[in-house]
Structure formats: C-alpha cells, structure tokens
Amino acid sequence: MMTRHTGAPNPHALIIGAGIAGMQAALDIANSGYEVTLVEKLPSIGGHMAQLSETFPTLDCAQCILTPRTVEVGHHPNIHLITYAEVEDIQGEVGHFRARIRRRAAGVNWDICTGCGVCIEKCPTRVESDFDMGLGRRKAIYTLSPQAVPNKPIIDKARCRFFTQGKCRVCEKFCPTGAIAYDQEDALFEIEAGAVILATGYDLYDVTRLGEYGAGQVPDVISGLAFERLLSASGPTAGKIRRPSDGREPKEVVFVQCAGSRDPEKAMPYCSTICCMYTAKHAMLYRHRVPNGQAYVFYIDIRTAGRRYEEFLQRAVEEDRVLYLRGKVSKIFRDGDKVVVWGADTLSGQQVEIAADMVVLATAIVPRPETRRLAELLGIDVDAHGFLQEVNPNLEPVSTRRPGVFIAGAAVGPRDIPETVAQASAAAAKVLALFARWQAVPEVVHAGEN
Amino acid sequence: MPAKTKAHRIGLFVCHCGLNIAGTVDIPQVLDAFKDAPAVLVALDYKYMCSEPGQELIRRKIAEEKLDGIVVAACSPTMHEATFRRNAESAGLNPYRVEIANIREQVSWVHAKDPDAATRKAIEVIRTIIEKVRYDEELLPFTLPVVRRALVIGGGIAGIQAALDIAEAGFPVLLVEREAQLGGRMAQLSGTYLNFESAGDLLAQKLDALRARPEITVLTESEVESLNGYVGNFTVRIRRRGEDQVQEASVGAIVVATGFDLYPMKQLPEYGAGAVPDVISGLEMEALLRPDGPTGGRVLRPSDGRPPKEVVFVQCAGSRDPEHAMPYCSKICCMYTAKQARLFCRQSPDGQAYVFYIDIRSGGKGAEEFVQAAMEEERVLYLRGKVSKIFRDGDKVIVWGADTLSGQQVEIAADLVVLATAVVPRADARDLAQRLRVGTDAHGFFNEAHPKLRPVESLTAGIYLAGAAQGPKDIPETLSQASAAAAKVLSLFSRHELVQEPTIAWVDPELCSACQLCVPACPYEARRPHPWKPLVTVNAALCQGCGACATVCPNKASKLRNYTPEQVLAMVDVLFAPAKAQEGA
C-alpha cells in the first residue's frame, strides 16, 4: 500500500502487549515526554510476570517488584492504556501508522466503576480461573488479581448466569454506581502513531500434547506456571503447596525439564532458556515450604548461564538438597494416589522409577498465535515457529525489516525478565531516537523517576 | 520555608506483602498496639499496600481524616518509598511527611523462625518511625539544570551502540576509549555464532554509522581519571595517554561499557596453559579463524605452523569452578566453542573436533539447533566431563579427561587445544568503579540497580551500564543493553531540569563555629568555608544527604533535614521507653 503523507510524522508510540516488556518500553518513552498508547489483550496489565511467585536469583516476590510498575503505568499522564482490547488493523508507514483497536465489551462501564469489588463478592457463579492455571476458582465477574491495573472487572459471558440463563443480575443489583452494563458493545478506536513496538509475549506448549507425561489426564501433573500459582501468596492456596487431586501436601515432587523443548522430533527443537532457572527456584521454594519433602529434577543439561545463576543452582543442590538426575523422562502415569515417573539417569546408566506425589513439567515457551497475525498486518517476518524475526539478530536485535516497527521480549524468542526489560528499553531507545529527529526536544510531563 | 508544626494526625498503613510479612508478623496484634497511640488517627492493613487498591485506601484516608503524616509499614524504602510519597502527594500530603517502617527485610525476613519476636520488633520499628514522622518538616524539592551531553566509557560494541543511539536523538556524546582503535573485543572476533556473519563486517557497519554522526566526539588512548558532581551535572577529567594535559568536560549522564578480560591462562597450569604453545585461549583461536588475522583465517598451530588434525576444545576453563577459579558460568563459551569447532571442521574436512563440556548451554533462539548441527553436520564429538590434565608429548598435546556418560577415562592425543577461558571483569574495573562511585560484585562486575527490573542502571543516579562490564553476555544481549542504557540517558535528557531531593544537610549559622571538620568529612565535596563569615556552607546540588557532616559536627550545627538530632533522640526515647511514651497519650 502506498499512502502518501504530507503531514509531520507523529511522535506517538503504539505498543502492543502490556507485560513487563511493553510496560517498560511504555515507561521509557512516556518518561521522555512522548505519548504512548498501550494495548493489552487481557483486562489488566502485567502479563506473565503477574502470575509469578518469587523471581530468581534473588527470590524477590514478583508482585512486590511488579506493582510499582503497573501502578506507574496506570497513572502515567502520557500513557493511554487500552486493556481487554486487540489491534485489528494497522495501515500506513513509519511516522504515520493508523491502527484500529477493538476493546471488547466488559459488561461493566469502567468509566463509572470504582473498583470496589462488591459485584465480585456477590456473584454466585464460581468457575475455574485461567489466571490460576485452573487450580483456583474465580467468579463470573472478575478481575485477574486483587492488584489488577486497571482494577475494573469484566463479565465472563460464557459463564455468567444472566448471559447463559437470562436471569440473576445480582451484580447489577449490588453495584453502588450502576456500572453494570450487560448490553455494552465492543468499542472501536482509531489511533495514529509514528512507531510501533510489538511485545506480545509467549504461551506455554500445550501440556495436553504431552500424552506420555500424563499431562491433561493425571491431575497431579501440572505445568511450571501452575506451580508458580501454588507458590504465590496471592494464589489459590495462599502459597501453600497442595496437590490438585486431593489437596494434600506432596512429599515427593518430580520436576521435569525440557517438556516439549529440545525435542525436534515431537515438539519444539529449541531450548526455552528460562526453565532451568525457574525449576531450580521451584525446587528450592518447595523445599522451603515443605522442609521434609524431597525434590527431584530431571534434566538434559543444566543451563544456568547468567549473572548469579550458577551460584543459585549450587544453593539449590547444596543447601536445599535438591536431587538432580541427568536424563529424560520416558513416561509418567497414575498409580493409585501416586504419580509414577519412569526416567533414565544417564550418569549411572540406570533406569529410575520414582513414585511421586506431584510432577511439575517445565513446558516449552512457544509464540502466541496472534503474534503471527500482527506480524502479517505489519508486514514483518516471523521464524518457522512464529517468533518475531529481527532484521539482523546479531546487530539489530530490536529492529525489524519494516522501518518504525520494533520488537521486544519473549515474542522475539524465549528470554528471562532482565533480558526482556533491557530489550524493551532498547526498543524504546530506537523509538526515542526517531521521535527526536521529528521534532525539537519535547516538553515533558513526569509521573515519576526512572 | 518548611512548616515547623509537628504532625499530629498520623495514619499507619500496614502491608501484608502477601505472606512475606503477614506469614510471620501478627498483623492484627500490630494494629492493636497502635489503636490508642498518640497522634495516630487510623491504623489499617491491606494485602498489598503498593497495589492500586492499597494506594487508593491511603489517598482516601488522607482526605477523610485530614492526615498530616503517614507511616507505611512495609518493605524496604528502596523498594517503594518513592511510590508511597508520590501517592501521598497526589492526595495533597507533603511527600516528606511519608515514612516507611521496614518490617519486611528488617523484620519478617530475618526473624521468620520467631514470629512472636518478629511481631514485637515490628511494633517497635513502627513506633520509632511514627515518632520520626511527628518531627518531619514539610519540605519542598528544588530543581537543577541538566547538562544534555553524555559520556560513554569504552569503545567496544556496547559503547559504540550506546553512543549511536544517544547521538541519533541529537545529543552530543563523548566516547572515551583506552586503546588506539575502537571496536573492543568484537574487533578480535572471526564471526558471530548462529549465522557465521563476519564480526569485522558487522563492526565496520557500526563504525561507519558512528563516523557519520557529528554529535559524537571520540577520544582514543584516553582514560577517565576522575569524576565529580551528580546526575545531570557531572564533571569528568579525561587523560590522554602520554600527555600531561587533562581534559575536563561537563556531562549529564554516563554509560559504563568497559567490557571484559579473559581469565589469565597462566592461572590454569594443569591445562598446560602458558607453557604448552599449542594450548591456546578461545580468543587466540578467533585470531586464527579471522580472515584478516595473522594466518589469513587458516587454523595453524602456534608451535610449528602446521594445520592441526585433532583439536580439543575445553569448556569452563576457569568458569563454574568455585574452588579454583570463578564460580559463575561465562555464558558465551558454549556457543563460541560450537562455532569454532564448526569453522575448524569446515576448513579441515579430515580433521576431528572434540568438545569437553559439563552442560551444553545453548539457550535461546536457534542456539540449540546450531549445536545440534555441529554434532550432526560437522561430526563434532561432544564429551561430557571435565578435563583433568593437559600436557605436551612430543609434537602432540595430550588431554586427559572423563567421559561421565560412559564412565570412562579418555585420553586424546591432540594437535591443538583451545581453552574457553572464563570471562572476567577488566583488571581495573574496581578502580574505575571507585572513581565513578558505583558498586561492583565480589568479582568486579558492575552492579545493576536491580537484577530483574533495572538491569542497565547503576545505583548511582545518572550512571548506566552496558555490555560485559556488568556480567558475561553475548553480542545481541550486549547491543540490547547498550540501547537500553541509551534509552535511560535519552529519558534523562528529555528534561531541562531535574528534581533534587530536599532531604540534604544544612548548617545552623547560630551554632556553627567554623571548625571546618565537616569539610574533609564530606565525600561529595559539597562543603566550603564561607568566604568571610565564620561558618561553613553547603552546596545543595552536590550534597547527597549522607549525614557524614552531621556526625562529625561537635556543635550539632550540621543537620540533615528530617534527620535532626532531636528527631533521632525522640525516636530512641520511644524505642527504649515504649511504655512511658504510650502513657503520654
């Protein structure tokens, strides 16, 4: 498409995805005095990091370090936050992109909702919580977490009694401001932006595709992200380790790394980068919470490359007595109230069988399907798996072949939080350099320090 | 002028921090202790006080109860003091009447095994901080101009990238490089991994871009001798090698990108390093593989110039070895070893490459596939185990190692051995860190402000970090970090002035005897004797509020705003006589 523009280029950034990558990029740009529209698919910001318990290698609680960022983003005068929304179309070119954004109908008028939470309390319908990876329950009108930004609820129309059975309206009755709006429609926004940053994050490899690991059939075989929710103080068990099947505290837990990674024949050929460290953290935190429990880790190689990571792993092995077994797991199945793990220990050359109480699979990091759709809209490349493609992976790690379109975070490939944050700031630098060339140095509105 | 009235309508807000605090400290008991405390109008708790509902609660109470001071009992003030001050300010409270009682790092985390003692201590900590707030003045911050020019220390790929990004936004940059040429380690490399691009070509692209930027001034063979000042207004002295003349420059922000060294070969005698000529480091192998290198890109052994047939690569030479060398993983060796083994095999089809490893660390996009290709296409033989000894035998280099997978001892009579020696900080990194007043870790890598969320900031405002000076990292990660550091600089330069904290020192002219003890005590050179009056003055722009002057002053004339002697004594009083203080209600 060749649209000619005569107007001045627009120093306004569109950032798609409000996980830690999108938020960091938004803050760096907004704190430099430029406006940002930040679009998030979920009802609130924070991405996967909001689901995490503690972070390696310092064991800082994720909420503690994340909430200052989410609050800052939520209040920043230069950041226009559009959550529960998706970018439907993007036209134009650097300096003059035009995006159409659809905000889904929440069933709640957020302009008058105060976030008091009475609707959630009164809602009679409890359903499985996606945010808690199915381990906890939420109401049919809900926010993702008590720290949600914005702290406004949405109605799950597939589960809400009023939407499915035509009666209930309890939330409407109790809402003190009359914010419930069952007939609310999707809202469409057209925005103009001079540059775009894609920071759409990652998904996990679908555990149910790992049939030989009992995933999806054996309730006590869960994903690493589900284990994060069990560890989280604000999770479904308030941080207590309880197995899903019967709520008992598991005494033997087996962690299986590379579940779907490094497996070119059956799943993903690449290494997901973050699993070795988070598994070491999981095993360590499990041992802290269940001091008489035993943690086993099956691994191919232990990949703790990064500052203070090797030392962290050594702590897990030496202080917390986590037992590392080098080998692949061949089969996981239920036997009575145990979960039996068959694996190899390639160092002793023995086959190993562990009758565990719970199994945690470090499932592979995979790109999100919508990343490919957005890449197509923007005319940029993805690799064979669907990760965003850098224009030159060695030299230009945040640039794409399309001028004015930049990329950051796990949508580009598996990476941990510090690398994601650095990359997000790097994408912001590229945008700032562009904007600076378009106009004299801007006047600045500051919400905070950086 | 600051208000002198004591705060008498104080709000106490106790954070659970999920289970971080509430799991140890008995929150209801804490709240109960302040139910009738003097001047405390409200005492409330919330699961996460830093979250929006928590902040909203504070704002509402400030308005409803007309609070004139608040105490947030939560995590360390380094985490959230700014958050809570900003929040209180938006509700109309002077932000310097907001204090944090640290009941997480200093209470719940360190006394997790004794909840009763932790609860008692939490109450005592809060009680003293409430006393502090009562004496806090309502201060106003002041502003200082920003010098919008950056200094980049180190002209490797990290420094070049940071300078480019800053310059592209139109700001002047001073790029200081110790060597005669820019390029750093990248100029020594043959190619990159994953796609074998020529490192020289990639570097040349960046250098071309650099030369095209009039905003960048390059000073080679130069080093930073000293640094004074503060964020937005640093004064740097730069000395050019062999010259007496020292150049002085004003800069507003600094990017430290001084790169890395390799672990010295001579410290690996069991590997024959330094003694056996055909035992070389990974960087020496790069020179052999570089098309513009001494051998024109042909791998030839140093001893006799013959092409080797059997090459052994030894990973973790000095890494992951807490007893003898460095405890950490150097991160880049697994990938560059695979690259070197592949390049060697490609030019010597009848050659054989062996790699000894502990774990193969090929994380990230395309890396695993790259190593798999080394095994499948170039038939590189990977052996999992440590090498115990390397020595010369005739014209061979013998490698004794273990293969932990077969449980066998292995002996290879090799023609050449390449040691992937550990990435270590520059020998003088600690010196530089001291001159810049930024922290390093035990090894000498520069410390970032927060390992997760502030990876390119140092703890000193206005000084940012990029590349391997902060820890081992590969080229793409280095470039991301360099651009990220540039983003921080650009954000700083977007403002014409900076807000300065008013919690700094001042001198009471009534009490000062001009003894001048405080002048040398000040680490920031913020003190000068008054030109004619018998007293000492404070340069508010330089003062960082550390309090060194206040401790040396014999007359208590030097005081820190909101940390006055009266305030501290009042805090001590309630700490040691809590019952008495409570009776005072």
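The values are calculated or read from the model by the stated rules, or taken from the named source; none is laboratory data. Quick caveat: nothing in here was measured; it's all calculated off a predicted structure. Positions of Cβ are backbone-derived with ideal geometry, glycine not excepted, and every protein chain shown enters the neighbour counts.
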When region A:107-118 is checked residue by residue, the ones that are closer than 22 Å to A:I82 by Cβ and either part of a helix (DSSP H, G or I) or aromatic (F, W, Y) (or both) are A:W110
- Message: Tell me whether region A:27-49 contains one or more residues that are assigned to a helix (DSSP H, G or I) and in contact with a Phe, Trp or Tyr (Cβ under 7 Å, 6 or more places away or on another chain).
- Response: no
(1) touching a helix residue (DSSP H, G or I) at 6+ places or on another chain (Cβ under 9 Å); (2) within 20 Å of B:P264 (Cα to Cα); (3) assigned by TED's automatic domain parsing to the domain that holds B:V311 all hold for B:P472 apart from (3)
Residues in region B:464-478 that are assigned to a helix (DSSP H, G or I) and more than 13 Å from B:R185 (Cβ to Cβ) total 3
Exactly one of A:E311, A:E353 is more than 12 Å from chain B (Cβ to nearest Cβ), surrounded by fewer than 18 Cβ atoms within 10 Å (Cβ to Cβ), of a type in the set (D, E, K, R) and in contact (Cβ under 8 Å) with a residue 12 or more places away in the chain, and that residue is A:E353
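Yes/no per residue for (1) over 20 Å from A:I65 (Cα atoms); (2) in a loop (DSSP other than H, G, I, E, B); (3) modelled with pLDDT of 95 or more:
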| position | (1), (2), (3) |
| --- | --- |
| B:V14 | no, no, yes |
| B:N20 | no, yes, no |
| B:V42 | yes, no, yes |
| B:I62 | yes, no, yes |
| B:I70 | yes, no, yes |
Note on region A:176-234: residues touching a Gly at 6+ places or on another chain (Cβ under 6 Å), part of a strand (DSSP E or B) and more than 30 Å from A:Y34 (Cα to Cα) are A:V221
Notebook entry, point to check: Is it true that A:P418 is assigned by TED's automatic domain parsing to the domain that holds A:I16 and either touching a Ser or Thr at 6+ places or on another chain (Cβ under 6 Å) or aliphatic (A, V, I, L, M) (or both)?
Noted result: no
Filtering region A:190-235 down to residues that are of a type in the set (F, W, Y) and either closer than 17 Å to A:V254 by Cβ or at pLDDT below 95 (or both) yields A:Y213, A:F227
Taking region B:479-491 and keeping residues over 12 Å from B:V456 (Cβ atoms) and either surrounded by fewer than 24 Cβ atoms within 10 Å (Cβ to Cβ) or more than 8 Å from chain A (Cβ to nearest Cβ) (or both) leaves none
Scanning for something surrounded by 21 or more Cβ atoms within 10 Å (Cβ to Cβ) and of a type in the set (D, E), does region B:104-123 turn up at least one residue?
no
Do we find that A:A384 is under 24 Å from B:A484 (Cα atoms), not polar (S, T, N, Q) and not assigned by TED's automatic domain parsing to the domain that holds A:I222 in this structure? no
Over region B:169-192, the set of residues over 23 Å from B:L262 (Cβ atoms) and either among the aliphatic types (A, V, I, L, M) or buried (at least 21 other Cβ atoms within 10 Å of the Cβ) (or both) is B:A169, B:F171, B:V173, B:L174, B:L175
Restricting region A:429-441 to residues that are within 25 Å of the chain's Cα centre (by Cα) and farther than 18 Å from B:E457 by Cβ, the one farthest from the other protein chains (Cβ to nearest Cβ) turns out to be A:V431
Within region B:399-443, residues in contact (Cβ under 8 Å) with a residue 40 or more places away in the chain and part of a loop (DSSP other than H, G, I, E, B) come out as B:D415, B:A422, B:R426, B:A427, B:R437, B:V438, B:H443
Please verify whether A:R334 is surrounded by fewer than 18 Cβ atoms within 10 Å (Cβ to Cβ) and in the same structural domain as A:M284 (by TED's automatic domain parsing), treating the condition exactly as stated.
yes
In the set A:A410, A:A426, the lone residue that is within 7 Å of chain B (Cβ to nearest Cβ) and either buried (at least 19 other Cβ atoms within 10 Å of the Cβ) or part of a helix (DSSP H, G or I) (or both) is A:A426
Quick count over region A:11-36, residues being buried (at least 24 other Cβ atoms within 10 Å of the Cβ), facing chain B (nearest Cβ under 10 Å) and small (G, A, S), is 3
Reported set for region B:104-128 where residues are closer than 23 Å to A:D60 by Cβ, free of Cβ contacts under 8 Å to residues at least 60 places away in the same chain and assigned to a helix (DSSP H, G or I) is B:E105, B:Q106, B:K121, B:V125
The residue that is farthest from the other protein chains (Cβ to nearest Cβ), considering only those in region B:346-372 that are of a type in the set (V, I, T) and over 16 Å from A:S261 (Cα atoms), is B:V355
- Inspect all residues belonging to region B:516-534 and state whether any of them is in contact (Cβ under 8 Å) with a residue 24 or more places away in the chain, assigned to a strand (DSSP E or B) and over 30 Å from the mean Cα position of the chain (by Cα). no
Counting only residues that are within 14 Å of chain A (Cβ to nearest Cβ) and not charged (D, E, K, R), region B:157-182 contains a total of 14
Report task. For A:V359, indicate whether it is more than 10 Å from chain B (Cβ to nearest Cβ) and either under 27 Å from A:L52 (Cβ atoms) or surrounded by fewer than 18 Cβ atoms within 10 Å (Cβ to Cβ) (or both). Result -> yes
Within region B:422-457, the residues that are surrounded by fewer than 18 Cβ atoms within 10 Å (Cβ to Cβ), of a type in the set (G, A, S) and under 15 Å from B:I254 (Cβ atoms) are B:G439
